[in-house]
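Written below as structure tokens is the structure these notes are about.
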Amino acid sequence: MPRMIRKQIYIRKRQQAALTRLARARGTSEAEVIRQALEREGGSATEAPPPQAETWEAARRFMASLSERASARPRRRSWRRDDLYAERLSRYERRTR
């Protein structure tokens with residue numbers, strides 16, 4: 001990693017909110033979001049370019065398919081709590097006799 005230089009910047013409140021939201025969504029630091037934006041604007045060839053839009057779209061489609069599969073499962077359970085307790089109590093009674 002190249003040597004880092006500390007900078008202090010001023011941004012508006014709405015920019016801070018957007019920066020925080022982007023960093024959380026990407027799972028990176030706020031500083032990394034700023035570095036990536038500078039790379040896109042400046043076009044430095046020394047660092048890897050940000051992920052392509054097609055890659056993000058493929059990931060979004062994959063996550064949506066997982067969500068659809070989960071929602072397709074039936075939500076009702078096939079057992080009753082009383083049945084479970086009755087079965088456990090009968091096992092316990094057999095051991096204590």
Next on the checklist: Run the simple label-point estimate for L38 and L84 please: 7 Å along Cα→C-beta, distance reported in nm.
Outcome noted: 5.5
Next on the checklist: Once R0 is set to 30 Å, what does the formula 1/(1 + (r/R0)^6) return for the Cβ-Cβ distance between T55 and R14, expressed as a FRET efficiency to the nearest 0.05?
Outcome noted: 0.60
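Read-outs: derived from the displayed coordinates by stated rules, not from any lab. The model shown is predicted, which means the values in this text are computed figures rather than measured ones. FYI the Cβ positions are ideal-geometry reconstructions off the backbone, even for glycines, and counts take in every protein chain you see.
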